[in-house]
Amino acid sequence: MAIQDRKIGFLGAGNMGEAIIGALLGSGILPGEHICINDVNAERLSYMHKTYGVAPVRDNARLFAECDTVVLAVKPQQMTDVLGEISSGPEYGVGGRTLVISIAAGFPIRKIEALLYGPLDEDRARRMPIIRVMPNTPALVLAGMSGMSPNRHADAQDIEAAMEILGAMGKVIVFEEEKLDAVTALSGSGPAYVFYLIEAMTHAGVAAGLDPSDAAELTLGTLDGAVRLIQARGEPPEVLRRKVTSPGGTTEAAVNVLERNNVRRHIVDAILAAARRAEELSR
(Lines give C-alpha, C1' and ligand atoms only; values in the text may rest on other atoms or scores of the structure.)
Protein backbone atom coordinates (compact mmCIF):
# COMPACT_ATOMS: atom_id res chain seq x y z
CA MET A 1 0.00 0.00 0.00
CA ALA A 2 1.36 3.41 -1.01
CA ILE A 3 1.90 5.80 1.88
CA GLN A 4 -0.53 8.30 0.29
CA ASP A 5 -3.31 5.71 0.53
CA ARG A 6 -2.79 4.94 4.20
CA LYS A 7 -4.98 6.11 7.05
CA ILE A 8 -2.75 6.75 10.04
CA GLY A 9 -3.97 6.90 13.62
CA PHE A 10 -2.02 8.44 16.52
CA LEU A 11 -2.64 7.20 20.02
CA GLY A 12 -1.24 10.16 21.91
CA ALA A 13 -0.81 13.68 20.59
CA GLY A 14 2.17 14.95 22.57
CA ASN A 15 5.22 16.74 21.21
CA MET A 16 6.64 13.81 19.27
CA GLY A 17 3.27 12.80 17.87
CA GLU A 18 2.72 16.39 16.78
CA ALA A 19 6.20 16.45 15.21
CA ILE A 20 5.39 13.42 13.04
CA ILE A 21 1.96 14.78 12.08
CA GLY A 22 3.38 18.19 11.23
CA ALA A 23 6.12 16.61 9.13
CA LEU A 24 3.68 14.37 7.23
CA LEU A 25 1.41 17.29 6.43
CA GLY A 26 4.21 19.78 5.75
CA SER A 27 5.93 17.44 3.31
CA GLY A 28 2.66 16.72 1.50
CA ILE A 29 2.94 12.99 2.17
CA LEU A 30 -0.57 12.85 3.64
CA PRO A 31 -3.57 15.20 3.87
CA GLY A 32 -5.07 15.94 7.28
CA GLU A 33 -8.19 13.89 6.56
CA HIS A 34 -6.00 10.75 6.40
CA ILE A 35 -4.84 11.23 10.00
CA CYS A 36 -6.80 10.38 13.16
CA ILE A 37 -5.72 11.13 16.72
CA ASN A 38 -6.74 10.43 20.29
CA ASP A 39 -5.35 11.82 23.52
CA VAL A 40 -6.46 11.86 27.15
CA ASN A 41 -6.29 15.66 27.05
CA ALA A 42 -9.42 17.05 25.33
CA GLU A 43 -7.83 20.50 24.95
CA ARG A 44 -4.87 18.92 23.18
CA LEU A 45 -7.21 17.14 20.77
CA SER A 46 -9.01 20.40 20.02
CA TYR A 47 -5.70 22.16 19.40
CA MET A 48 -4.49 19.43 17.02
CA HIS A 49 -7.77 19.48 15.10
CA LYS A 50 -7.74 23.28 14.72
CA THR A 51 -4.04 23.49 13.90
CA TYR A 52 -3.62 20.54 11.54
CA GLY A 53 -7.11 19.57 10.43
CA VAL A 54 -6.72 16.01 11.72
CA ALA A 55 -9.71 14.03 12.94
CA PRO A 56 -10.16 13.46 16.69
CA VAL A 57 -11.39 9.99 17.65
CA ARG A 58 -12.32 9.71 21.33
CA ASP A 59 -12.02 5.94 21.46
CA ASN A 60 -8.72 4.05 21.23
CA ALA A 61 -10.25 0.77 20.08
CA ARG A 62 -12.25 2.46 17.30
CA LEU A 63 -9.21 4.43 16.11
CA PHE A 64 -7.17 1.23 15.99
CA ALA A 65 -9.89 -0.57 14.02
CA GLU A 66 -10.35 2.25 11.50
CA CYS A 67 -6.68 2.84 10.63
CA ASP A 68 -4.28 0.64 8.67
CA THR A 69 -1.29 2.27 10.40
CA VAL A 70 -1.26 3.13 14.10
CA VAL A 71 1.45 5.14 15.88
CA LEU A 72 1.70 4.41 19.61
CA ALA A 73 2.76 7.81 20.94
CA VAL A 74 1.56 7.46 24.53
CA LYS A 75 3.83 7.49 27.57
CA PRO A 76 5.40 4.08 28.40
CA GLN A 77 3.50 3.89 31.69
CA GLN A 78 0.23 4.22 29.77
CA MET A 79 0.98 1.54 27.19
CA THR A 80 -0.36 -1.47 29.10
CA ASP A 81 -3.73 0.16 29.79
CA VAL A 82 -4.09 1.59 26.28
CA LEU A 83 -3.17 -1.65 24.48
CA GLY A 84 -5.32 -3.66 26.87
CA GLU A 85 -8.28 -1.41 26.04
CA ILE A 86 -7.65 -1.87 22.32
CA SER A 87 -7.20 -5.64 22.36
CA SER A 88 -10.43 -6.13 24.34
CA GLY A 89 -12.55 -4.09 21.93
CA PRO A 90 -15.29 -5.81 19.89
CA GLU A 91 -13.71 -4.89 16.54
CA TYR A 92 -10.21 -6.00 17.50
CA GLY A 93 -8.61 -8.49 15.12
CA VAL A 94 -11.17 -7.89 12.38
CA GLY A 95 -10.11 -6.42 9.06
CA GLY A 96 -6.94 -6.24 7.01
CA ARG A 97 -3.29 -5.61 7.76
CA THR A 98 -2.47 -3.13 10.53
CA LEU A 99 1.03 -1.69 10.86
CA VAL A 100 1.83 -0.72 14.46
CA ILE A 101 4.66 1.79 15.06
CA SER A 102 5.66 2.44 18.66
CA ILE A 103 7.68 5.48 19.72
CA ALA A 104 7.29 4.74 23.44
CA ALA A 105 10.76 4.69 25.05
CA GLY A 106 11.75 1.65 27.07
CA PHE A 107 8.80 -0.50 25.99
CA PRO A 108 10.19 -3.46 24.03
CA ILE A 109 8.53 -5.31 21.17
CA ARG A 110 7.96 -8.46 23.26
CA LYS A 111 5.73 -6.47 25.66
CA ILE A 112 3.76 -4.97 22.79
CA GLU A 113 3.36 -8.41 21.25
CA ALA A 114 2.17 -9.91 24.54
CA LEU A 115 -0.58 -7.30 24.77
CA LEU A 116 -1.63 -7.17 21.11
CA TYR A 117 -1.06 -10.75 19.99
CA GLY A 118 -2.51 -12.43 23.08
CA PRO A 119 -6.13 -12.54 21.83
CA LEU A 120 -5.14 -13.31 18.21
CA ASP A 121 -4.40 -16.49 16.32
CA GLU A 122 -1.10 -16.73 14.46
CA ASP A 123 -2.60 -15.78 11.09
CA ARG A 124 -4.04 -12.52 12.43
CA ALA A 125 -0.87 -11.78 14.37
CA ARG A 126 1.09 -12.04 11.10
CA ARG A 127 -1.15 -9.28 9.73
CA MET A 128 -0.23 -6.96 12.59
CA PRO A 129 3.48 -6.17 12.16
CA ILE A 130 5.13 -4.09 14.89
CA ILE A 131 7.99 -1.64 14.49
CA ARG A 132 9.64 -0.05 17.52
CA VAL A 133 11.24 3.37 17.04
CA MET A 134 13.61 5.50 19.11
CA PRO A 135 13.34 9.09 17.83
CA ASN A 136 14.96 12.16 19.35
CA THR A 137 13.78 15.70 20.04
CA PRO A 138 15.35 17.45 17.01
CA ALA A 139 12.51 15.74 15.15
CA LEU A 140 10.48 18.71 16.39
CA VAL A 141 12.38 20.86 13.86
CA LEU A 142 12.58 18.15 11.15
CA ALA A 143 16.18 17.31 12.05
CA GLY A 144 15.54 14.09 13.94
CA MET A 145 17.63 10.95 14.10
CA SER A 146 15.63 7.76 14.61
CA GLY A 147 16.56 4.13 15.08
CA MET A 148 13.88 1.57 14.27
CA SER A 149 13.49 -2.17 14.77
CA PRO A 150 10.85 -4.31 13.01
CA ASN A 151 9.47 -7.50 14.48
CA ARG A 152 9.31 -10.84 12.66
CA HIS A 153 6.01 -10.02 10.94
CA ALA A 154 7.15 -6.75 9.35
CA ASP A 155 7.88 -7.18 5.65
CA ALA A 156 9.79 -4.91 3.27
CA GLN A 157 6.71 -2.79 2.51
CA ASP A 158 6.01 -2.26 6.22
CA ILE A 159 9.59 -1.16 6.82
CA GLU A 160 9.52 1.14 3.79
CA ALA A 161 6.26 2.72 5.00
CA ALA A 162 7.67 3.30 8.50
CA MET A 163 10.85 4.80 7.06
CA GLU A 164 8.84 7.17 4.88
CA ILE A 165 6.70 8.27 7.83
CA LEU A 166 9.70 8.80 10.11
CA GLY A 167 11.85 10.16 7.30
CA ALA A 168 9.51 13.13 7.01
CA MET A 169 11.06 14.47 10.23
CA GLY A 170 14.70 13.47 9.76
CA LYS A 171 16.97 10.48 9.19
CA VAL A 172 16.21 6.83 10.01
CA ILE A 173 18.41 3.76 10.46
CA VAL A 174 17.15 0.18 10.86
CA PHE A 175 18.63 -1.87 13.71
CA GLU A 176 18.12 -5.18 15.43
CA GLU A 177 16.14 -4.44 18.58
CA GLU A 178 19.05 -5.45 20.81
CA LYS A 179 20.86 -2.35 19.49
CA LEU A 180 18.11 0.09 20.49
CA ASP A 181 19.45 0.60 24.02
CA ALA A 182 22.67 1.88 22.45
CA VAL A 183 20.65 4.00 20.02
CA THR A 184 18.72 5.43 22.96
CA ALA A 185 21.93 6.28 24.80
CA LEU A 186 23.66 7.83 21.79
CA SER A 187 21.02 9.65 19.74
CA GLY A 188 17.91 9.50 21.94
CA SER A 189 19.67 11.14 24.89
CA GLY A 190 22.33 12.72 22.67
CA PRO A 191 20.75 16.17 22.29
CA ALA A 192 21.09 16.63 26.06
CA TYR A 193 24.86 16.06 25.82
CA VAL A 194 25.10 18.70 23.10
CA PHE A 195 23.03 21.15 25.16
CA TYR A 196 25.36 20.46 28.09
CA LEU A 197 28.35 21.31 25.90
CA ILE A 198 26.62 24.48 24.71
CA GLU A 199 26.03 25.51 28.34
CA ALA A 200 29.69 24.93 29.19
CA MET A 201 31.08 26.71 26.14
CA THR A 202 28.79 29.69 26.64
CA HIS A 203 29.72 29.89 30.32
CA ALA A 204 33.41 29.77 29.37
CA GLY A 205 32.95 32.61 26.89
CA VAL A 206 31.36 34.75 29.58
CA ALA A 207 34.13 33.82 32.05
CA ALA A 208 36.67 34.95 29.42
CA GLY A 209 34.99 38.34 29.22
CA LEU A 210 32.34 38.07 26.49
CA ASP A 211 28.79 39.35 26.69
CA PRO A 212 26.40 36.39 27.34
CA SER A 213 24.48 36.92 24.10
CA ASP A 214 27.70 37.09 22.07
CA ALA A 215 29.05 33.98 23.81
CA ALA A 216 25.84 32.10 23.01
CA GLU A 217 25.86 33.18 19.36
CA LEU A 218 29.52 32.24 18.92
CA THR A 219 28.92 28.84 20.51
CA LEU A 220 25.89 27.96 18.41
CA GLY A 221 27.49 29.20 15.21
CA THR A 222 30.66 27.24 15.91
CA LEU A 223 28.83 23.99 16.59
CA ASP A 224 26.66 24.42 13.50
CA GLY A 225 29.70 25.19 11.36
CA ALA A 226 31.68 22.24 12.73
CA VAL A 227 28.86 19.82 11.90
CA ARG A 228 28.49 21.27 8.41
CA LEU A 229 32.24 21.01 7.83
CA ILE A 230 32.50 17.35 8.81
CA GLN A 231 29.48 16.51 6.67
CA ALA A 232 30.88 18.38 3.67
CA ARG A 233 34.44 17.05 3.91
CA GLY A 234 33.64 13.47 4.89
CA GLU A 235 36.84 13.31 6.91
CA PRO A 236 37.05 11.62 10.34
CA PRO A 237 36.67 14.01 13.28
CA GLU A 238 40.19 13.12 14.48
CA VAL A 239 41.65 14.39 11.19
CA LEU A 240 39.73 17.65 11.28
CA ARG A 241 40.62 18.17 14.93
CA ARG A 242 44.33 17.77 14.19
CA LYS A 243 44.08 20.28 11.35
CA VAL A 244 42.77 22.88 13.82
CA THR A 245 45.28 21.99 16.52
CA SER A 246 48.54 23.79 15.71
CA PRO A 247 51.54 22.79 17.87
CA GLY A 248 51.95 25.22 20.72
CA GLY A 249 48.77 27.07 19.81
CA THR A 250 45.54 27.98 21.59
CA THR A 251 43.61 24.87 20.52
CA GLU A 252 46.38 22.58 21.71
CA ALA A 253 46.31 24.28 25.11
CA ALA A 254 42.59 23.57 25.39
CA VAL A 255 42.81 19.97 24.12
CA ASN A 256 45.64 19.24 26.58
CA VAL A 257 43.35 20.20 29.46
CA LEU A 258 40.61 17.94 28.10
CA GLU A 259 43.04 15.04 27.76
CA ARG A 260 44.53 15.52 31.24
CA ASN A 261 41.05 15.40 32.72
CA ASN A 262 40.03 12.30 30.74
CA VAL A 263 37.04 14.11 29.24
CA ARG A 264 36.81 11.62 26.36
CA ARG A 265 36.67 8.70 28.82
CA HIS A 266 34.02 10.45 30.91
CA ILE A 267 31.85 11.06 27.84
CA VAL A 268 32.11 7.39 26.88
CA ASP A 269 31.29 6.33 30.45
CA ALA A 270 28.27 8.65 30.52
CA ILE A 271 26.82 7.24 27.30
CA LEU A 272 27.42 3.66 28.45
CA ALA A 273 25.61 4.51 31.70
CA ALA A 274 22.66 5.74 29.63
CA ALA A 275 22.72 2.49 27.62
CA ARG A 276 22.67 0.41 30.82
CA ARG A 277 19.75 2.43 32.15
CA ALA A 278 17.88 1.99 28.85
CA GLU A 279 18.37 -1.76 29.17
CA GLU A 280 17.06 -1.72 32.74
CA LEU A 281 13.96 0.23 31.72
CA SER A 282 13.22 -2.23 28.89
CA ARG A 283 13.08 -5.28 31.12
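The values are calculated or read from the model by the stated rules, or taken from the named source; none is laboratory data. Predicted model only: the values in this text are computed from it and were never measured. No Cβ is skipped: glycine too gets one built from the backbone with ideal geometry, and neighbour counts run over all protein chains shown.
Criterion first (modelled with pLDDT of 95 or more, touching a Leu at 6+ places or on another chain (Cβ under 8 Å) and buried (at least 19 other Cβ atoms within 10 Å of the Cβ)) does Pro150 satisfy it? No. Residues in the stretch 59-88 that are surrounded by fewer than 17 Cβ atoms within 10 Å (Cβ to Cβ) and small (Gly, Ala, Ser) were compared, and the one that is farthest from the chain's Cα centre (by Cα) is Ser88.
Can Arg62 be described as part of a helix (DSSP H, G or I) and over 20 Å from Ala104 (Cα atoms)? I'd like the intermediate steps shown before the answer.
Details: part of a helix (DSSP H, G or I): yes; over 20 Å from Ala104 (Cα atoms): yes.
The answer is yes for Arg62.
Restricting the first residue to the stretch 151-162 and requiring it to be not assigned by the TED database to the domain that holds Arg132, which pairs with a second residue that is of a type in the set (S, T, N, Q) and part of a loop (DSSP other than H, G, I, E, B) meet a Cβ separation below 9 Å and a spacing of at least six or different chains? Listed pairs, sorted by first residue: none to list.
Looking at Ile159, Ile173, which one is modelled with pLDDT of 95 or more and outside any strand (DSSP E or B)?
Working: Ile173 fails: outside any strand (DSSP E or B).
None of the other options fit; the residue is Ile159.
For every residue, the table says whether it meets (1) more than 23 Å from Ala2 (Cα to Cα); (2) in contact with a Lys or Arg (Cβ under 8 Å, 6 or more places away or on another chain); (3) not small (Gly, Ala, Ser).
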| residue | (1), (2), (3) |
| --- | --- |
| Gly53 | no, no, no |
| Ala61 | yes, no, no |
| Val71 | no, no, yes |
| Val82 | yes, no, yes |
| Glu85 | yes, no, yes |
| Ser88 | yes, no, no |
| Gly93 | no, yes, no |
| Thr98 | no, yes, yes |
| Pro108 | yes, yes, yes |
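Against the test of being free of Cβ contacts under 8 Å to residues at least 60 places away in the same chain and not in a loop (DSSP other than H, G, I, E, B), the options Ile230, Ile267, Ile271 yield a single qualifying residue, Ile230.
Would you mind finding the one in Ser213, Ser246, Ser187 that is under 30 Å from Glu160 (Cα atoms) and of a type in the set (S, T, N, Q)? Let's see the steps before the verdict.
Values: Ser213 fails: under 30 Å from Glu160 (Cα atoms); Ser246 fails: under 30 Å from Glu160 (Cα atoms).
Answer to the selection: Ser187.
Pairing each residue of the stretch 38-55 that is assigned by the TED database to the domain that holds Met16 and buried (at least 19 other Cβ atoms within 10 Å of the Cβ) with any residue that is part of a helix (DSSP H, G or I) and of a type outside the set (D, E, K, R), provided the two are 6+ apart or on different chains, yields C-beta distances under 7 Å for Asn38/Asn60; Asn38/Leu63; Asp39/Leu45; Val54/Ile21; Val54/Gly32; Val54/Met48.
Being under 15 Å from Met128 (Cα atoms) and small (Gly, Ala, Ser) is the filter; apply it to the stretch 153-189 and report the residue that is surrounded by the fewest Cβ atoms within 10 Å (Cβ to Cβ). Break it down stepwise before answering.
Within the stretch 153-189, the subset under 15 Å from Met128 (Cα atoms) is 153-159, 161-162.
Right, trim to small (Gly, Ala, Ser) and you get 154, 156, 161-162.
On the way: Ala154: 21, Ala156: 8, Ala161: 23, Ala162: 26.
This residue is Ala156.
Please tell me if Glu113 is touching a helix residue (DSSP H, G or I) at 6+ places or on another chain (Cβ under 9 Å), of a type in the set (Asp, Glu), within 19 Å of Leu281 (Cα to Cα) and not in a strand (DSSP E or B).
On the way: touching a helix residue (DSSP H, G or I) at 6+ places or on another chain (Cβ under 9 Å): yes; of a type in the set (Asp, Glu): yes; within 19 Å of Leu281 (Cα to Cα): yes; not in a strand (DSSP E or B): yes.
Yes; evaluated as a whole, the condition is true for this residue.
Does at least one position in the stretch 91-98 carry a residue that is of a type in the set (A, V, I, L, M, F, W, C) and either out of contact with any Phe, Trp or Tyr (no Cβ under 9 Å at 6 or more places or on another chain) or over 16 Å from Met128 (Cβ atoms) (or both)? Yes, the stretch 91-98 contains at least one residue that is of a type in the set (A, V, I, L, M, F, W, C) and either out of contact with any Phe, Trp or Tyr (no Cβ under 9 Å at 6 or more places or on another chain) or over 16 Å from Met128 (Cβ atoms) (or both). Scanning the stretch 113-145 for residues being closer than 16 Å to Val100 by Cβ and touching a residue at least 40 places away in the same chain (Cβ under 8 Å) gives a total of 3. Looking only at the stretch 1-23, filter to residues that are touching a Phe, Trp or Tyr at 6+ places or on another chain (Cβ under 9 Å) and of a type outside the set (D, E, K, R); which one of those is surrounded by the most Cβ atoms within 10 Å (Cβ to Cβ)? Going through the qualifying residues, I end up with Leu11.
Test Ala105 against the criterion of being under 15 Å from Val133 (Cβ atoms) and surrounded by fewer than 20 Cβ atoms within 10 Å (Cβ to Cβ), and give yes or no.
On the way: under 15 Å from Val133 (Cβ atoms): yes; surrounded by fewer than 20 Cβ atoms within 10 Å (Cβ to Cβ): yes.
In short, yes.
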